[in-house]
Structure formats: structure tokens, C-alpha cells
Amino acid sequence: MTGLDVGAIDKSVKPGDDFFRYANGAWEKATEIPADRSSYGTGAVVSERTQKRVQELIVEATKAPAGSEARKIGDFYTAFMDEAGIEAKGIAPLVPPMAAIEAIASPGDLSEWLGGTVAADVDAINSTDMETPNIFGLWVAQDFSEPTKYSPFLLQGGLGLPDRDYYTSKAPRMVELRAKYLAHVTAMLTLAKIEQPAAKAKAVVALETKIAATHATRAQSGDVKRGLVRWNITEFPAKAPGMDWARFFSGMPGFTPSAVVVWHPSAITGVAALVKSESLSTWKSYLTYHLIAESAAFLPKAFADESFAFFGGAIAGTPTQKERWKRAIDATNAAMGEAIGKLYVAKYFPASEKARAQAMVQKILEAFGKRVDNLAWMSAATKAKAKAKLAVLKVGVGYPDTWRDFTELEVKTDEALQNAWRADGLRTDQQIAKLDQPVNRDEWVMTPHLVNAVNLPAMNAMNFPAGILQPPFFDPTRPEIMDYGAIGAVIGHEISHSFDDQGALFDATGRLENWWTKEDFAHFAESGTALAKQYSAYKPFPDLALDGKQLLSENIADVAGLSAAYDAAKLLGAPDWEGFTADQQFFLSFAQMWRTKYREAALRAGVITGVHAPGPYRSATVRNLDAWYAAFDVKPGEARYLAPADRVRVW
């Protein structure tokens, strides 16, 4: 029988005290995190199933006709799996770029090289990782002021550690990690036979620390109004002196815009100043280390092991590295994910499931529209603008209508690292080429087999990949109301992102402008403040609390999305199931969807850098819905009880 995981429930816990542990407590006690993972839960189970399917598809692709797209997938995987060949080559693939770095003779040369390191991120603003190891990141997206055209967005980067706080925090764990990072950089330089590795590692970490000091915080990075900071190309030398900007932009082939959106001005000016103030020898050490670090997965085993020991072990607390075939799939996905997705949906995502998902999306859109109509606090003028935005929301289900072209990608079975470089280059070239094209709202930023979903506020568009449209998120064999509590809440969440603290600032065309009345927006902001305060009260550790402001966009979407999904589910008139009422089935499905168990290091890292609340706190969203209290007889005095006046009702 399919349905709720009844065996996961811990009936010794009152739902009103801790709904996550009531729904998942028995599962949590019985579950061990796999040795090659930093956390484990529903998403990981589905990802593992998908990964095995993808492996089978890739192995089949190794037998496809030579030169075909499928064969390129197979050849990329084959090259990564050729451990003997990679070991035999050693660091030979790095010799040409390391020689080029060593040949840098002036700040102008350095500027051009740094420009050449800029790589495109297809979904920077919605990413949980606002940092890139390259000196800057590039995001090509719909312009916030002129929605009919694309603009380039320049983002902060250049750090080896996950976030600026890893360099600036005085917390004992952070101090310890910085010492381990210095040892790691030294070890990587030593493996590459770089002279004076300890001294150069010290210089690298010192430079990264200076770069980190120029960076915006996570909360600051999430402010979409940064998308209005625009510099003409001719203004860069005056606004960010120190860099030879003409040489910098010449290092980005095909990049010829007249202006750039500068998402992180302090980082741009800070790095430019460091180009002038720091010695070329320090910069060369920095560039050499990052070249090695970013190539580690494709180098001999000692490099990959050292990289995992620090980033997987020290940072995330994962005891064991993934098996080689799993890492090969990750690398192939990164290079040719959409091509793999084309194979995946042909075999695992039938038209009937796409139609069922589309119908569910439509019902939840209608429910969200009715919620807007019924908002007592919102004026008619603001409601009309909100409904107009909802009417043109572009929803992609399963996979894109048009597939990305990999014709120009060269893949060789004996060039694992070079294959990755060429794939990165193709992706960046294709993103830069968009600058001369009309905005395409059908474009996807996720691969079809990814277990995730996304809303693109500026594009007023959403992607629901086939990867997440499978059990237990989406299951045709169980009562439909359970789907509404699981994938329905995800659908509602993504719809709601068009109206969260960021999405609510974009109008129906994708223009960043205030379409609210002053009074309505003040009420909306007040609700956001209350929700941020609610989440800031959660403390996973005595010395570390959640940052409600950092998590606000996702938490608004959770509350509003769950509410809209509940409204749509109520129309089903679902019967009881195994002694659980329809409402209990709905809320338990939501809590079991977010069940996750974390290693301490991973949870700490997630709290510091993440924009989503950890699973136990995402499931606590239910305390803001009146129906949850009635469903589980939650009473005053229980830990998760909120008085009606304290329940946050955004949309």
C-alpha cells in the first residue's frame, strides 16, 4: 500500500510540541546518514533513485553512434571514469594554463586573465550559493528596468571557502576551519609540486580574506534592488580603479555590452583595488591554487581525495567520498545536464504524468488567485495588479520546449579535464550570446531530471522538472490529497515566489517597480518582519540560531504556498485513510516531504549560508495555518502553538 509513511510517525511526541518529530521521529531514530552524505532525507532518496536511472542512461549512451549528442554524454562519462589514464597524465593538463599564469607580467595581463576566469551562472539569484570560486560571476538575465532585453549581471566571487563569514567570523569553529583551510591550500600546492607551498598558501588565504572583506552578506545579496545598479563600461575605470578594465573585458570573448548591472559594487571596487595593491606574485599563487582546486575532480586521486577531505570532511562533516561513478555522473550532469534530461524524460516521464502535474498547477494557481481576492487588507488596485501578474505566469512542467544545443561541444575519451573546460566555455559563450537575442521566457535554468523546482521572479516564470515529479512527492497510486500536501506545497511555494519579499517587487512584465499602494506594502512588510522574527527564534544549536531575514523569501513562499495548496486540496473532498482525516493526510505529507537528518557540520554550514530553513523548521510552517490546529487538536501551552493573532498570514 502506498501513502503516508505511517511507520515514521512517533506518537510519543505531541504534534503541537514538535510536528516534525511527530511526523518523522521514528524514521529519524532508525535512519543512519550514508557515509558519503552530509545529510539524508526524502530529497536524497529520490535523488539516489534518479541517479541510478541516469547512470543506466549514460552507460547506454556510451554505445550510441559516434559524434551524436548521446555519445558525447557517454564519452564525457568514460573520460571521467578512466582513472588509469588520469593517473598516468598527472598534472600535465594543468601545465599550459599554469605556464600562462606564470607569464603574467603586468597588472594589465592580470586583469585580462581575471576576465577570462568569469563563468556564467544560469540561475544566480535563485541559487543557494551566491559565491563563485572565479573572481566574479556572470548572470545573463532579463533586465530589471527593460524587461524585453537581456542584461549582464556581475556578481562577487573569488573565495575558496563557502562564504565571507568563514573568513570574518570569530567563532571558534570558524577559526579552526581557517587553519584547516590553510593546511589544505598548502597540501594542494604541494601535490602540484609548486615551490614554497606553505608561503604561497599563506599568501593565497590572506588575499582571499581581503576579498571576503569586500563582499556583501547573504542577506544583502538577496536584495533585488541591487539589480538596478548599472555601470556603463566606460565608467568602470573611475568607479573601480586599479583594474585595467579594457583588458579585463577583452578576456571575455564576445562580451561587448555598453553597460553592466553591478550586483555587488563593493566587491567589484574591492577586487579592482587589490589588483593594484597586491603583488603579482601573490595573485599568481592565488590563480594557480584556484586552477588546481577547481580541477581537482578531474586530476589524479590524491587531488580529489585532498579536496574531499577538506570540503566534504571538514566543512560538511561527510565521512566517506562518493563512489567514482557517482562523481562521474555529477560531472557529466554539470557539463551536459539538459542533454541527459532529454534521455531521462523520454524513458521516465510519460505524457500522462505531465498532464496530471499541469492540472495540479492550474488548480493551485486558481486557489492562489482566490486567496488574493479574499485578502481583507489589500486594496482593489493592488489586487488587480497581483491578479494580472498571476495571469501571465509562465509555467514549465517536466522539461523545456526547446533543448539546449551541444553540437559545438567537443568531447574526447582521453581528456577528462579538457572536456569540463570546454563544457564550461560553451555554457558561458551561450549565455553571453543571449545578450543580442530577444528574451525567451520558455528558457529553463534547471535540468529536467533535477529533484528541485524554481521560480524566476524577473522572468515571471517557473520550472517544475520531471525529477521532482515522482514518488513520494508526486504519486499516482496514493490518495491525491497527499500529493497536494507534498508536491502541491512545492508548486504553491514556487507560485508564491512571484509574490514574496523579492518577487512582489516585480510587475507582470518583469519590471522592478513598486506596484503596491503605500498602505498595502507596509502591511506586507510588517507580515514579513513577523515571520523573520518567528524563524530567528529557532536555535539548532545553543550558539547558532537561524537568521529569519536571510530566510525570509523562502519562508514567505512556504507559508503562502502551503496555504494555497491546502485551499486547492479542500476541493477534493478526500475521505479518511488508515484512520487519518483528509487534513491530517495533507499536513503529514508536507512534514514527511521535508524530513532530513543532518551531520552537525553540514547543518551549521547550512544555517550560515543557506536561504532555506533546515527541514525540521520548514515543516514548522504549519503553525501559521489555522487548519493545522484543528486537524491535530493543538492547544495553548504546546511548544509550537501560536495565538491566532501571531500566526503570519501573508497571501
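None of the figures in this text is laboratory data; all of them are computed from the coordinates on show. Quick caveat, the model's predicted, so the values are computed rather than measured. Glycine also receives a Cβ, built like all others from the backbone with ideal geometry; neighbour counts cover every protein chain displayed.
As a rough guide to protection, the peptides 330-342, 54-66, 466-478 ranked by mean Cβ packing within 10 Å, highest first, stand as 330-342, 466-478, 54-66. Volume per residue for segment 544-615 equals 92 cubic angstrom (convex hull of Cα atoms). Between segment 471-514 and segment 1-57, what is the C-alpha centre distance in whole Å? Segment 471-514 and segment 1-57 have Cα centres spaced 22 Å from each other. Taking every DSSP beta bridge that has both ends in the chain, the antiparallel portion is near 70%. Placing unit charges on the Cβ atoms of the charged side chains and taking the dipole of the chain about its Cα centre, the candidate lying farthest along the positive direction among W515, M459, P107 is W515. In plain terms, the bigger the Kirkwood radius, the slower the diffusion; for segment 178-262, with that radius from Cα pairs, at 4 °C and 1.567 mPa s, Stokes-Einstein puts D at 81 µm²/s.
Principal-axis analysis of the Cα atoms of the chain puts helix 351-373 at an angle of about 70° to the longest axis.
Restriction of the GluC sites (Glu not before Pro) in segment 388-482 to DSSP coil positions whose beta-carbon has at most 10 other beta-carbons within 10 angstrom yields E408. Between 0 and 90 degrees, the angle of helix 42-61 with respect to the longest Cα principal axis of the chain falls at about 50 degrees.
So how tilted is helix 600-609 from the main axis of the chain? Cα-based, degrees 0 to 90, rounded to 10. The answer is roughly 90 degrees. Its convex hull of Cα atoms gives segment 1-110 a direction-averaged projected area, equal to a quarter of the hull surface, of 15.1 nm².
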